[in-house]
Each structure stands twice: as C-alpha cells, then as structure tokens.
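To keep things clear, I will list the structure first and then write my remarks on it.
The values are calculated or read from the model by the stated rules, or taken from the named source; none is laboratory data. If you're wondering where the values come from, they're calculated on a predicted model, not measured in any experiment. Every residue, glycine as well, gets a Cβ built from its backbone with ideal geometry; the counts of neighbours run over all protein chains shown.
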Amino acid sequence: MEKQLIPDYIFEVSWEVCNKVGGIYTVLSTKAKTLQKQYKDKVIFIGPDVWGDKPSPYFTRSKTLLKEWQHEACLPQNMKVKVGRWNVPGRPIVILVDFKPLYAYKNDLYGEMWNRYGVNSLPAYGDYDESCAFAYASALVIESFYKFIHGEKYKVVAHFDEWMTGMGLLHIKYTLPQVATLFTTHATSIGRSIAGNGKPLYDYLAGYNGDQMAEELNIVSKHSLEKTAAIEADCFTTVSKITAKECTQLLDRKPDVVTPNGFERNFVPSGEAYEERRKTARQRLFDITEALTGERPNKNAFLVATSGRYEYKNKGIDLFVDAIKRVAKSLDRGREIVAFVLVPAWVDAPRTDLQERLKQPAHATTPLPEPFITHTLHNFDQDNVVNQIHYLQLDNQPGSQVKIVFIPSYLTGDDGIVNLSYYDLLIGLDATAFPSYYEPWGYTPLESIAFGVPTITTDLSGFGQWINSRQEQGMRKSGVKVLHRSDFNFVEVSEELADTILALSHCGKAQREKIAQAATAVSLEAEWKNFIEYYSQAFHLALEKASQRKPKENNDLEY
Ligand code: 1S3
C-alpha cells in the first residue's frame with residue numbers, strides 16, 4: 001500500500017477563523033482539537049482581524065508565541081498581525097491579519113490574477129474586495145512564515161476555505177509551488193444563488209452551465225474566483241456528496257475527496273451541568289414568551305425551533321413557519337407548543353418594552369404590540385419572517401395553543417433579551433427542525449442531536465443524506481427524521497413536518513428519553529475523530545501532487 005504523506009505544517013485560512021459568522025466557524029472551531037492533537041502547534045489558523053482595538057472574545061493574544069517570526073516577519077508596511085490562541089477546545093495557534101492596508105494594492109492584485117489565471121474581478125461588488133484583501137494578506141503571512149522556517153525542508157499544506165480565500169491559494173501556488181494547496185468549498189456560490197432565486201437546482205442540474213448562470217445571476221467574479229481556485233488547487237474537497245455533484249457540474253471539477261463535517265463533544269456539558277443549563281434555557285424561553293404574549297406557557301409546553309443564517313428559502317425558514325401554522329390548525333386541546341425562529345435579521349435594538357417586563361418579577365397579563373418578536377428591526381415591514389407570520393395570522397392571539405417567537409438577534413450571550421449563547425439556548429429545546437432546500441452539509445441538525453435534542457431535516461442536506469446512508473434510520477432509532485424534499489414538493493414537506501412535530505409533542509417522558517439517547521449516540525458517530533481521516537486523505541493527495549512540481553525562482557508579487 002502507498003505510504004500516506006503527512007504534513008509537517010498546516011496553514012488553514014478562513015474568513016471565519018475567530019469570526020463567528022456561520023457554519024464554517026463551527027467546522028474549524030470544532031475540528032481544531034482533533035487537528036491539534038495530531039499536529040500540535042504545526043497547525044496554524046489564519047483569520048481576519050475584524051476586532052481592531054477591541055478585545056476579541058474568541059482569541060487570547062500572546063507575546064511569546066512565534067516570537068522570532070514576529071520580529072523578523074517580512075510583511076508589507078502597515079500590515080499588522082496578532083498572534084495568539086483560539087479560545088476553543090485544542091486552543092490552536094491563530095494569526096489574525098489586519099488586511100486593510102492591502103486595499104491599496106487591489107488593482108495590482110486583480111490585474112495579476114487576471115493575467116495569471118483569468119479570474120475576472122471587473123464586475124465585483126459587495127464583500128469581494130475585503131475577502132480578496134484578506135486572502136492576499138494571509139498568503140503573504142504564509143509566504144513570510146515559510147521563508148522563516150526554510151519551508152523547503154518540510155511538507156507544507158496551505159488549506160483555503162471557501163471562495164473568499166481563493167486569491168490566497170492562487171498567490172501561494174504561483175510564488176511557492178512546493179507548497180501543497182487544498183481548497184475546500186462549503187457550497188458553490190452559483191448553486192446557492194440558483195436555489196435562492198427560486199430556480200429548480202436539482203431536477204435541472206445537468207442542464208446548467210455555471211459560467212452562463214453566473215452571468216445571469218450577476219455573480220461573475222465570485223464564481224470565476226471560486227471555479228479557478230477549485231481547478232488550480234492540488235486537492236479540491238467539499239463537505240457532502242450532494243455538493244460534490246453540484247461542484248462537478250457548476251465548477252467543472254469533481255472534488256477529489258468528500259470531507260464531511262464532524263462535531264466535538266467538548267462543547268456539550270454533561271451530568272448536572274447539562275440539567276442546570278437546560279433548566280435555565282427553558283425558564284428564559286418561557287419568560288420571554290410570557291412577557292411578549294401575556295400568557296405563560298404550561299410547564300410541559302413543547303418547545304421547537306429552527307435556526308441558522310437568514311437564507312429564507314434555502315434554509316427552509318419559510319417551510320418551518322408554514323408547518324407551524326399547520327400544527328396550530330390540528331393541535332389537540334390542552335397541548336401547548338411554542339415555536340422559535342432563531343435567525344439573525346437586520347436588528348436595530350432589543351425591545352425596551354420587553355426588557356422592562358423581563359426585569360419585573362410580576363407576571364404579564366396583556367400582550368405587547370407585535371407579541372412575537374424580541375428585537376426591533378430596521379426593515380420590519382420588509383422582513384420575510386415577520387410578513388409570513390402576519391400573513392398566516394400566527395400572531396399569538398390570547399388563548400392560542402401554538403405560539404411563535406422570532407428572536408432575530410445573534411445569540412452571543414449579550415443580545416439584551418435572551419442573553420444566552422446559541423448552545424445555551426439549544427439545550428433547552430424539545431426538538432429542532434431544519435427543512436432546508438439548499439444545505440451542503442447542515443451543522444444545525446448535527447449540533448442539535450449532539451445536545452440530545454431530536455431534529456428534523458431533509459434529504460437535500462448533506463447531513464440528511466449522511467443519516468440516510470446509515471443503517472439505523474427514523475426518529476426513534478436515530479433521533480433524526482429526514483424528510484424527502486425536492487424542487488417542487490413544498491406542501492407535502494410542510495405537512496409531513498407538521499405531523500412529525502405533533503407526533504413528537506405527544507411522546508411521553510420515557511419515549512422522549514429514548515429518542516434523546518438515540519440522538520446522542522448518532523452524534524458520536526459524527527465526531528471529528530471519525531471524520532478527520534478524510535482530511536488526512538486530502539492532505540496526502542495535495543502533498544503528492546505538489547511533490548511532482550519543481551520550485552520556481554524569483555516570482556514574488558511586488559507590493
Ligand atoms: C456552509 O455554511 P452555510 O450555512 O452558508 O458551510 C457549512 C459548513 O460546512 C455547511 O454546514 C452549510 O450547509 C453551508 O451553508
């Protein structure tokens with residue numbers, strides 16, 4: 001058997017290192033411990049310094065780590081870095097880069113990328129400039145570090161996540177061809193855009209041309225960069241088979257390895273701590289519901305939620321709210337359900353009327369105006385969830401057995417109303433539902449079962465397909481129900497979701513405990529210690545490919 005090549009150094013670059021934006025943060029922060037155990041301090045994460053002078057809650061700066069390099073680092077004038085450790089299990093080394101000084105070189109960089117690789121940055125807009133400045137800054141850090149350690153003596157892997165870091169990969173490939181490059185995409189920007197624009201992604205996948213659709217949907221630059229990084233990388237990976245198919249069709253390269261996302265149990269409390277946190281979360285959710293609606297739910301009320309980034313259609317938020325309306329229509333007398341939408345929107349501030357009520361010990365008896373939302377929004381009248389709640393008349397009328405609460409703030413523990421982190425709230429739920437239409441992996445259901453909370457998802461998510469590939473399936477055996485979703489079956493899925501929520505809400509205590517145990521057991525199969533092997537394969541492939549190249553001389557980018 002061929003000997004597996006093992007890297008001596010790994011640099012992993014992502015916009016979400018020490019920057020909690022979405023699922024990629026979860027991938028990296030949970031994978032860190034397993035990588036650190038294997039490679040020790042030879043794993044270095046590189047992220048954007050979005051903190052400036054403010055202290056970051058995710059990062060502890062160190063004056064001694066990589067001290068010699070910091071002294072000798074040859075970086076462009078004004079480009080500053082902070083070295084420290086990420087405050088997550090494994091505490092890996094992190095370099096945060098202040099990339100803003102590189103805006104000045106933007107046109108040179110885009111020109112080089114066009115000349116060398118044909119990346120078309122001309123029609124770029126939005127977050128493209130800041131992403132590329134960060135990617136380039138990260139590449140300069142790797143270059144500087146590589147020279148400092150005399151990297152030619154080592155097997156070095158530079159791993160880049162998502163289109164935002166694509167120019168870093170392309171720069172490294174050109175200036176340090178001996179370095180093995182790895183590109184992981186967690187979605188395709190064009191696939192996400194096709195899906196989000198209401199076009200059928202799955203039935204017509206074989207008929208789509210990525211470049212042509214990028215023109216039509218006005219994301220030429222992102223797509224051009226993502227496709228080029230995927231094609232140029234020594235090894236290209238994505239997080240599920242369903243997204244691998246999409247990459248093959250829309251980016252014209254089949255991923256070399258599928259690297260499913262795992263989880264790290266250290267994030268989940270155990271024993272008494274678990275029970276205490278669950279109690280605190282439920283208490284808070286009941287208090288908020290009561291303060292908004294003027295009615296305290298019965299202590300046995302069933303609490304169900306959806307969460308994630310605000311992609312209304314792609315994440316199935318529309319379908320969740322629709323299903324809650326169906327639940328409301330068919331719930332038995334005496335049973336109460338509270339549904340939470342935990343999706344960050346364009347928040348203005350926490351509601352002061354709600355804050356006042358939450359401060360008072362006396363129980364509220366009248367509803368607040370708009371008794372379903374915890375924060376004010378800049379775009380209240382245009383918000384999709386608000387409009388759907390109004391349209392479906394799910395507005396928590398007195399006496400309604402099904403209530404809905406939209407918490408549109410990031411749950412970082414200091415939102416002014418909930419004041420608990422997402423995990424500290426998740427632990428208090430009875431079930432979660434993520435009926436996604438576009439979901440390359442889908443961490444939210446995996447996190448849910450890791451906390452012993454049963455979940456419902458669809459077979460259009462990578463995670464749902466992974467569950468379907470296991471022998472033990474179904475809510476009772478796995479704590480997960482996977483609904484069949486396609487381009488055109490919204491109503492059927494909504495009905496099935498409502499039925500599943502209703503069925504769960506009727507389970508007795510013993511049954512619920514069994515389901516929670518099954519959920520936890522399945523989550524253990526998806527721990528990083530079981531999934532890291534796919535990354536080892538990817539490192540091997542990348543190193544093997546890089547070893548076949550000859551070093552180039554004298555091709556530094558000037559700055
Ligand atoms: C992506 O984040 P998203 O929510 O934009 O990456 C996640 C991590 O790989 C993945 O779980 C999710 O499905 C993707 O969509």
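Residues in the stretch 37-49 that are closer than 27 Å to Tyr410 by Cβ and either within 16 Å of the ligand (Cβ to nearest atom) or assigned to a helix (DSSP H, G or I) (or both): Phe45, Gly47. Being away from the ligand (no atom under 16 Å from the Cβ) and touching a strand residue (DSSP E or B) at 6+ places or on another chain (Cβ under 6 Å) is the filter here, so list the residues in the stretch 469-496 that pass it. Listed by number, the residues that qualify are Met475, Lys481, Leu483, Val493, Glu496.
Yes or no: the stretch 45-60 includes at least one residue that is in contact with a Gly (Cβ under 6 Å, 6 or more places away or on another chain) and more than 23 Å from Val239 (Cα to Cα). Yes - at least one qualifying residue is present in the stretch 45-60.
When Ser536 is tested against (1) of a type in the set (S, T, N, Q); (2) surrounded by fewer than 21 Cβ atoms within 10 Å (Cβ to Cβ); (3) within 16 Å of the ligand (Cβ to nearest atom), just one condition goes unmet, and that condition is (3). If you go through the stretch 247-258 and keep only what is within 16 Å of the ligand (Cβ to nearest atom) and surrounded by fewer than 24 Cβ atoms within 10 Å (Cβ to Cβ), you end up with Val257, Val258.
Could you tell me whether any residue of the stretch 292-303 is surrounded by 18 or more Cβ atoms within 10 Å (Cβ to Cβ) and assigned to a strand (DSSP E or B)? The answer is yes, given that some residue of the stretch 292-303 is surrounded by 18 or more Cβ atoms within 10 Å (Cβ to Cβ) and assigned to a strand (DSSP E or B). When Phe267 is tested against (1) within 18 Å of Ser461 (Cβ to Cβ); (2) within 16 Å of the ligand (Cβ to nearest atom), exactly one condition is not met: (1). In the stretch 443-459, of all residues being at pLDDT 95 or above and within 11 Å of the ligand (Cβ to nearest atom), the one that is nearest to Val341 (Cα to Cα) corresponds to Thr444. Taking the stretch 156-258 as the region of interest, the helices (runs of 4 or more DSSP H) fully inside it that hold 2 or more residues being farther than 27 Å from Phe531 by Cβ and modelled with pLDDT of 95 or more are 166-175, 189-196, 210-216, 220-232. Within the stretch 19-38, residues that are free of Cβ contacts under 8 Å to residues at least 24 places away in the same chain sit with their Cβ atoms under 9 Å from residues that are among the charged types (D, E, K, R) and crowded, with 20+ Cβ neighbours inside 10 Å, at 6+ positions apart or across chains, in these pairs: Tyr25/Glu16.
The set of residues in the stretch 177-203 being touching a residue at least 12 places away in the same chain (Cβ under 8 Å), away from the ligand (no atom under 16 Å from the Cβ) and surrounded by fewer than 24 Cβ atoms within 10 Å (Cβ to Cβ) consists of Pro177, Gln178, Gly198, Pro200, Asp203.
Kindly check whether there is at least one residue in the stretch 232-246 that is farther than 26 Å from Leu122 by Cβ, more than 16 Å from the ligand (Cβ to nearest atom), in the same structural domain as Met164 (by TED's automatic domain parsing) and among the hydrophobic types (A, V, I, L, M, F, W, C). The answer is yes, given that some residue of the stretch 232-246 is farther than 26 Å from Leu122 by Cβ, more than 16 Å from the ligand (Cβ to nearest atom), in the same structural domain as Met164 (by TED's automatic domain parsing) and among the hydrophobic types (A, V, I, L, M, F, W, C).
Given the structure, is Lys222 on the phi < 0 side of the Ramachandran plot, within 15 Å of the ligand (Cβ to nearest atom) and surrounded by fewer than 22 Cβ atoms within 10 Å (Cβ to Cβ)? Considered against the rule, which asks whether it is on the phi < 0 side of the Ramachandran plot, within 15 Å of the ligand (Cβ to nearest atom) and surrounded by fewer than 22 Cβ atoms within 10 Å (Cβ to Cβ), Lys222 comes out as no. Selection within the stretch 259-291: residues that are β-branched (Val, Ile, Thr) and modelled with pLDDT of 95 or more. The member of this set that is surrounded by the fewest Cβ atoms within 10 Å (Cβ to Cβ) is Thr280.
Candidates are the residues of the stretch 422-437 that are surrounded by 24 or more Cβ atoms within 10 Å (Cβ to Cβ) and within 16 Å of the ligand (Cβ to nearest atom); the one that is farthest from His506 (Cα to Cα) is Tyr437. Applying the condition of being in contact (Cβ under 8 Å) with a residue 40 or more places away in the chain and touching a Phe, Trp or Tyr at 6+ places or on another chain (Cβ under 9 Å) to the stretch 290-301 and asking which residue is nearest to the ligand (Cβ to nearest atom) yields Leu292. Within this structure, Gly52 fails the test of being within 16 Å of the ligand (Cβ to nearest atom), out of contact with any strand residue (DSSP E or B) (no Cβ under 8 Å at 6 or more places or on another chain), farther than 19 Å from Leu169 by Cα and assigned by TED's automatic domain parsing to the domain that holds Tyr136. Taking Asn19, is it polar (S, T, N, Q), over 24 Å from Phe267 (Cβ atoms) and assigned by TED's automatic domain parsing to the domain that holds Lys153? It is false that Asn19 is polar (S, T, N, Q), over 24 Å from Phe267 (Cβ atoms) and assigned by TED's automatic domain parsing to the domain that holds Lys153. With the requirement that a residue be within 16 Å of the ligand (Cβ to nearest atom) and in a strand (DSSP E or B), what does the stretch 306-340 give you? The answer is Thr306, Ser307. Across the stretch 359-383, the qualifying residues are those that are at pLDDT 95 or above and in a helix (DSSP H, G or I), and the one among them that is surrounded by the most Cβ atoms within 10 Å (Cβ to Cβ) is Phe380. Only one entry of Gln511, Gln537 meets the criterion of being of a type outside the set (Gly, Ala, Ser) and not assigned by TED's automatic domain parsing to the domain that holds Glu232, and that entry is Gln511. Any chance the stretch 363-380 includes a residue that's within 16 Å of the ligand (Cβ to nearest atom) and closer than 21 Å to Tyr310 by Cα? No, every residue in the stretch 363-380 fails to be within 16 Å of the ligand (Cβ to nearest atom) and closer than 21 Å to Tyr310 by Cα.
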